[in-house]
């Protein structure tokens, strides 16, 4: 394999592709390569294997160009739609994988694959022989930013202010401002005088918002060891307001409406 680019984006499957440039090398400088045969399988990581599909025939390629080194080559573009069609899948889930398996057939009948090709040929940069390729169905997350909120707290009081989700990577976000206020002002509404920061403390701790393919959950705990969760997550019809119905194991709870200050739409988040 000379090059690889692209990914399978769960939120934009129609425009996703993984593009490869393949060069064929042999003792005859690739001239005795007959075909490069592919199968594909679907690996259900999220569901623990319940929806996995065993390998099926995907495609067969024959050299159709010459590389810069003067060897037979192919440009190959993989798409989610082609893999789904081969596997008979109407839908797929983010976080799962397509795994491609390749077999190289020579003119004299010899067959090479991952089982009979040395590890040094597969892994070393001069060859990078491609006999297995895992393409994850990724779920990019970009929820960071400054937010305006209105929260109805467990005590019945309502408070409005602003906050910021700060990206920690891998779809995780934390809140730094106002004592890491994971309660979105509810502590101030119920323990303070109803103005932001009046309570003088906040949940802080290691609390994070987790975005796993548009499914929101809570990671970590407050500075007092409280665990939080979402009873409901919804996005308004115009995609401008995210509503979190949250609670913790101390009995504190609230319903918070969040609007992005940059005016961007929320993705179709759920819980």
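Could you please let me know if residue 158 is farther than 30 Å from residue 91 by Cβ and surrounded by fewer than 17 Cβ atoms within 10 Å (Cβ to Cβ)? Here the answer is yes, as residue 158 does meet what is asked.
Taken together, 86, 81 contain a single residue that is under 30 Å from residue 268 (Cβ atoms), modelled with pLDDT of 95 or more and out of contact with any strand residue (DSSP E or B) (no Cβ under 7 Å at 6 or more places or on another chain), which is 81. When residue 173 is tested against (1) in contact with a strand residue (DSSP E or B) (Cβ under 6 Å, 6 or more places away or on another chain); (2) over 30 Å from residue 18 (Cα atoms); (3) modelled with pLDDT of 95 or more, just one condition goes unmet, and that condition is (2). Whether any residue in the range 76-85 is in a loop (DSSP other than H, G, I, E, B), under 21 Å from residue 14 (Cα atoms), in contact (Cβ under 8 Å) with a residue 40 or more places away in the chain and within 21 Å of the chain's Cα centre (by Cα) is what I want to check. Yes. Of the residues making up the range 118-149, those that are at pLDDT below 80 and either on the phi < 0 side of the Ramachandran plot or in a strand (DSSP E or B) (or both) are 118, 119, 120, 121, 122, 123, 124, 125, 126, 127, 129. Considering 192, 185, 254, 205, the condition of being buried (at least 17 other Cβ atoms within 10 Å of the Cβ), free of Cβ contacts under 8 Å to residues at least 12 places away in the same chain and over 24 Å from residue 9 (Cβ atoms) is satisfied by 192 alone. Screening 55, 63 for residues that are at pLDDT 90 or above, surrounded by 13 or more Cβ atoms within 10 Å (Cβ to Cβ) and assigned to a loop (DSSP other than H, G, I, E, B) leaves exactly one candidate, 63.
The values are calculated or read from the model by the stated rules, or taken from the named source; none is laboratory data. What you see is a predicted model; the values in this text were computed from it and never measured. Reconstructed Cβ throughout: ideal geometry from the backbone, glycine too, with neighbour counts over all protein chains shown.
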